[in-house]
Amino acid sequence: MKNKVIQDRLKCLREKMKQKGIDYYLIPTADFHNSEYVCDYFTVREFFSNFSGSNGTLVVWQEGAGLWTDGRYFIQAEEELQGTTVELYRMLDEGVLTIEQFLKHNMQTGQVLGFDGRVISASLGEKYQTELKEKQISLLYSYDLAEEIWKDRPPLPAEKITYLPEELTGKSAREKAGQVREELQKTGAQALLMNKLDDIMWLLNIRGSDVKCNPVALSYCYLTMSEVYIFLQPQAVTREVEELLTSQGVRILEYHNINQFLSELPEGQTILLDNRYISYTLYKNLQKQKTINGKNPTELLKATKNPIELTHMAQVYLQDSVALTRFIYWLKQNIGKTRITELSAAERLENFRKEISGYQGPSFDTIAGYKANAAKMHYSATPKSHSVLEAEGMLLVDSGGQYQGGTTDVTRTIVLGPITDEIKKHYTLVTAGMLELTDAKWLHGCTGRNLDIKAREPVWKNGLDYKCGTGHGIGYMLNVHEGPQSLRWRIAEDAVDAVLEEGMAISNEPGIYIERSHGIRIENIMVVQKAEKNEYGQFMHFDTLTYVPLDREAIDEHFLTETQRTLLTDYHKKVYEKISPYLSQEEREWLKEVTEQL
């Protein structure tokens, strides 16, 4: 039934395309701010394809439709696209054309490519323009074709905004604006236009809740050498927030007036734009101005956490680790004795987090995948489709929380009963990779691309791999995924390969995923710190924030080196020292047993 609905929607879309003279139409996973996660108003791609993953682009033409997504979602996409007539294109797989290559190969000379320019980045729009120029393809970017088809489309959210005190942020909005202006001067620009939501939230010390799990407010920001303008929906701004922003020299304008504001700017200004995030529509509206394509200075400033932020993060991660440890104990004590599902397990973990002061909600939808479900990297259990846990196999739980003082993200794969030797081997290899990366030491100047091999080598040596990066940056009371830092061996086109700087928080999460069998992921969050400095340069290392036991029931010592055994012993010793004071006597006795030396 659902698939018939999708077919009907695609039929309506093709009729609208004909009316507008559009031959191919692009629908990305994005909002007006090129966010990774979007509010319900912007789930247009899911509306027309049934694919619910957080990354993917739908291309529709009169004879067909295709969905491009990455390796995290191949299994999920196959299932959700069944019967929709939408074909899956597995990004980065050998022989699979990119969207640009597909369009260049299939579009006829003089045809029209359409998209809503507000949800396509300037860099992507420019790429299509360049790639398709040879065929004289026109870009029509002024239509959101879903507007006339999606009759019960959710409204644009406008939740109340809060202002963070300096005791939490470490710096005032005025100080941060000064830092940005110093960086702006180096580029030769006179102004900076931003529409990346977490950058704006960081700069002005505000938070919202317009995107599920991400504490951001729909907004734009225009900063000059003397002024800061923020564009917000009026109903989202309280009198208190207005007064606090004004006291920091910030002028508040209406969210939907951004294009009018830009059109009225005096000609000849030099404006810095980060074309990875600025929408194609905003970019085209600034053609009378001189623009410089460069990174938002806010991105790196935000990524390198200050001492006050790091202090709060350490406290939050300790309490979050306690919650997850208590959950693992509860699960192991109750499995097979009472009915537990993927959904009820996730709810129980949420309840442990709710006991922590300052908890504000999850930082993303919890992934609780039992047995084969865990092979889907971003699996999501639903009331209609979920598994009952039994006293066998493993449960993968990837979860996190938003707190007053930090954002957490942690994954553990938990033994519920008998598992195969193959699963033990795979779990041990993932453990070895996580520990090796934790122990890394390097000279300043390295990027995540240099270090990814530390985590992946034990897996690669056994002819295995995982189709995703090893680590991502993580925000401070902000988005659970944050750049520019990352850990991955292959850098995607247009992605930033950033130097790992002191104060950057990053995840360490190798895995192994075997379709229709099992999935294993272990994730800790680490902070980049300075080690010694000598004649060779400044050395760097990681400090761990996450202290949750690994599951020794799943470890086969034959696949650990002596060094890796020592690393595991040392990690578990720290887990017990840090976590045990917060546990009950029964929980503490259990933790003592499961963290003993192999």
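Each reported figure results from applying straightforward, stated rules to the coordinates on display, with no laboratory input. From a predicted model like this one, the values you see are computed outputs, not experimental measurements. For neighbour counting, all protein chains shown are included, and Cβ atoms are generated from backbone atoms with ideal geometry for every residue, glycine included.
Among the trypsin sites (Lys or Arg not before Pro) in segment 270-359, those placed in a DSSP loop whose Cβ has at most 13 other Cβ atoms within 10 Å are 288, 337, 339.
Nearest 5 percent is fine: what portion of the DSSP beta bridges confined to segment 162-302 is antiparallel?
On the way: 11 of 22 bridges.
In segment 162-302, DSSP labels about 50 percent of beta bridges as antiparallel.
Candidate values (i) 35, 29, 23; (ii) 46, 27, 23; (iii) 39, 30, 23 were compared with semi-axes √(5λ) of the Cα gyration tensor in Å computed on the shown model; the agreeing label is (iii).
Taking amide H as placed 1.01 Å from N in the peptide plane, residue 360 has its amide H under 5 Å from the amide H of 402, 403, 404, each at least 5 places away in sequence or on another chain.
Do you know the Lys pair count in segment 2-148 for C-alpha distances under 24 Å, with sequence separation 8 or more or different chains? Lysine pairs meeting the criterion: 19. With the simple model of a label 7 Å out from the Cα in the direction of the Cβ, residue 290 to residue 156 spans 3.3 nm. Toward the positive end of the charge dipole of the chain, about the Cα centre and with charges on Cβ (Lys, Arg +1; Asp, Glu -1), which of 306, 270, 22 goes farthest? In the chain, that residue is 22. Shape class for segment 2-148, computed from the alpha carbon gyration tensor (a ≥ b ≥ c): rounded, with a/c under 1.5. The shape of segment 384-500 comes out oblate: with a ≥ b ≥ c from the C-alpha gyration tensor, a/c is at least 1.5 while a/b does not beat b/c. In terms of its alpha-carbon gyration tensor, segment 367-439 comes out oblate; a/c meets the 1.5 threshold, while b/c is at least as large as a/b.
Of the peptides 105-111, 548-554, how do they stack up when ordered by the mean number of other Cβ atoms within 10 Å, highest first? Intermediate results must be reported in sequence, preceding the final value.
Details: 105-111: 12.6, 548-554: 20.1.
Per-residue Cβ counts within 10 Å, averaged per peptide and sorted highest first, yield 548-554, 105-111.
Taking one equal scatterer on every alpha-carbon of segment 101-172, how large is log10 of I(q)/I(0) by Debye at q = 0.18, 0.25 1/Å? With no solvent term, the Cα-only Debye profile gives -0.80, -1.13.
Shown in residue order for segment 275-281 are the 3J(HN,Hα) couplings computed by the Karplus curve 6.51 cos²θ - 1.76 cosθ + 1.60 at θ = phi - 60°: 5, 6, 10, 4, 6, 4, 5 Hz (x for Gly and Pro). For every other residue with a beta carbon closer than 11 angstrom to the beta carbon of residue 541, add +1 if it is Lys or Arg and -1 if Asp or Glu, then tell me the sum. With Lys, Arg at +1 and Asp, Glu at -1, the neighbours total -2.
Fully extended, how many nm does the chain gain between residue 577 and residue 148 (0.36 nm per residue separation, minus their Cα-Cα distance)? All intermediate terms of the calculation are to be shown ahead of the outcome.
Values: separation 429, 0.36 × 429 = 154.44 nm, distance 5.96 nm.
Taking residue 577 through residue 148 to full extension adds about 148.5 nm, to one decimal.
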